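The structure appears right after this line, and notes come after that.
The values are calculated or read from the model by the stated rules, or taken from the named source; none is laboratory data. Keep in mind that this is a model prediction, so the values were computed, not measured. With ideal geometry, Cβ positions are generated from the backbone for all residues, glycine too; neighbour counts draw on all protein chains shown.
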Amino acid sequence: MGYTYFGDLLGISSCYKLNPERAYKRLDKFYNITFDCLGSYCKSHNEVKVQLFSDSLLIWGDNKGEILRKLQSLYLKLIYEGILLRGAIVEDKIEQDPRFELKNLTKMLSINDALARAVGLEKTQKGARLLIEHSFMEDLPNFPSDWVTHEGYLNNIEPNRPIDDLFRRISPTPDNKTYELLYFWLPRYDEDLDMNHSLNTIKDKLNELSSIYTDEIAAHHKETLRLFRLCERRKNYTERTIAI
């Protein structure tokens, strides 16, 4: 079945209004960080397709667990640079209708609704979120059935399951409308995500910016900061409960 991910940057249009050169540099950094995070993975996984266009990122492929780990790394490296990416991942990968094309005229006509669902889900929450469609969750092998709710995770934390299990980092959103990846909860042993020293810096910047901007802009920083605290709480509760 596979997956489709769609995400775009928050605040880039206002950045262009304020300073087009600065906006271009932000997009350039977004492209470079994304290439650094995903380039090697794409080279070794030919079935993965990645497209960067304007301030948007589109990915589709087969291995759901692997792409979530790669996206966690990407989100953290972007946000450390002050770049907020909001996106959603859904069940099914894009299927394209074969079309006659030219070298300078290409087409991507989707024959399923995977991209439309990803775009629609991405707009439902504020902040730099990695939202996960419920049908994507249902097809994850061995995902603990109790963990589909906050209460279920707290009541059945499964102490024998590894602390770095990616499934511990998947949680319902606070409004219980969908799921999301708690990407600020870092794995303990991962050289690609050795960013523990950076988390406090990220938190301080989010806190400061959320108090500077007007409500419309600040909402994204406040919700990202709220996600940060949710990650801290689940991490701390888990470690206390299973005595790590």
Exercise. Would you say ILE83 is over 25 Å from GLU239 (Cα atoms) and in contact (Cβ under 8 Å) with a residue 24 or more places away in the chain?
Worked result: yes
Exercise. Given the structure, is LEU206 surrounded by 15 or more Cβ atoms within 10 Å (Cβ to Cβ), hydrophobic (A, V, I, L, M, F, W, C), modelled with pLDDT under 90 and part of a helix (DSSP H, G or I)?
Worked result: no
Exercise. Across the range 142-200, what is the total count of residues that are modelled with pLDDT under 90, in a helix (DSSP H, G or I) and out of contact with any helix residue (DSSP H, G or I) (no Cβ under 9 Å at 6 or more places or on another chain)?
Worked result: 4
For this session: Could you identify the single residue in LYS29, LYS64 that is farther than 13 Å from LEU9 by Cβ and among the basic types (Lys, Arg)?
Result: LYS64
Exercise. Under the condition of being part of a loop (DSSP other than H, G, I, E, B) and within 22 Å of THR178 (Cα to Cα), which residue from the range 69-122 is farthest from the chain's Cα centre (by Cα)?
Worked result: ASN112
Exercise. If you check every pair at least six apart or on different chains, which have Cβ atoms under 6 Å apart with a residue in the range 25-51 that is farther than 12 Å from LEU71 by Cα first and a residue that is small (Gly, Ala, Ser) second?
Worked result: GLU47/GLY61; VAL48/GLY61
